Amino acid sequence: MVDTTVTFDFKATDAETVLLFTHAGWREPVEFMHHCSTKWATFLLGLKSGLEGGAFTAHPNDTRISSSWG
């Protein structure tokens with residue numbers, strides 16, 4: 001989205017590596033912001049699956065969550 005910022009940081013623990021993800025800078029909490037939040041979750045779960053030996057589910061084979069925005 002225009003004028004927003006996406007950041008990824010990693011935090012190591014004894015048992016795992018945690019991905020800290022932020023999509024910030026939204027001027028107001030519009031409906032599309034919530035759509036993006038859910039869509040990022042599907043992308044990250046697809047990445048997790050692939051990294052753990054399953055199938056990657058990135059675009060265009062990702063989960064469709066809306067008829068309006070994909």
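How many residues does the stretch 4-19 hold that are assigned to a strand (DSSP E or B) and either open to solvent by 80 Å² or more (accessible area, probe 1.4 Å) or among the hydroxyl-bearing types (Ser, Thr, Tyr) (or both)? Qualifying residue count, the stretch 4-19: 8. Note on the stretch 26-36: residues that are within 12 Å of the chain's Cα centre (by Cα) and more than 13 Å from THR5 (Cα to Cα) amount to 2. Restricting attention to the stretch 23-70, the residues that are surrounded by 12 or more Cβ atoms within 10 Å (Cβ to Cβ) and touching a Ser or Thr at 6+ places or on another chain (Cβ under 7 Å) add up to 11.
A Cβ distance below 7 Å, combined with a sequence gap of six or more or placement on separate chains, defines the contacts here; from the stretch 57-68, residues that are part of a loop (DSSP other than H, G, I, E, B) reach residues that are of a type in the set (Lys, Arg) in the pairs ILE65/LYS39.
The values are calculated or read from the model by the stated rules, or taken from the named source; none is laboratory data. A quick note: this is a predicted structure, and the numbers were derived from the prediction, not measured. Note that we place each Cβ from the backbone using ideal geometry, even for glycine, and neighbour counts take in every protein chain shown. SASA here: full protein model, heavy atoms, side chains in, ligands and nucleic acids out. Shrake-Rupley method; radii C 1.70, N 1.55, O 1.52, S 1.80 Å.
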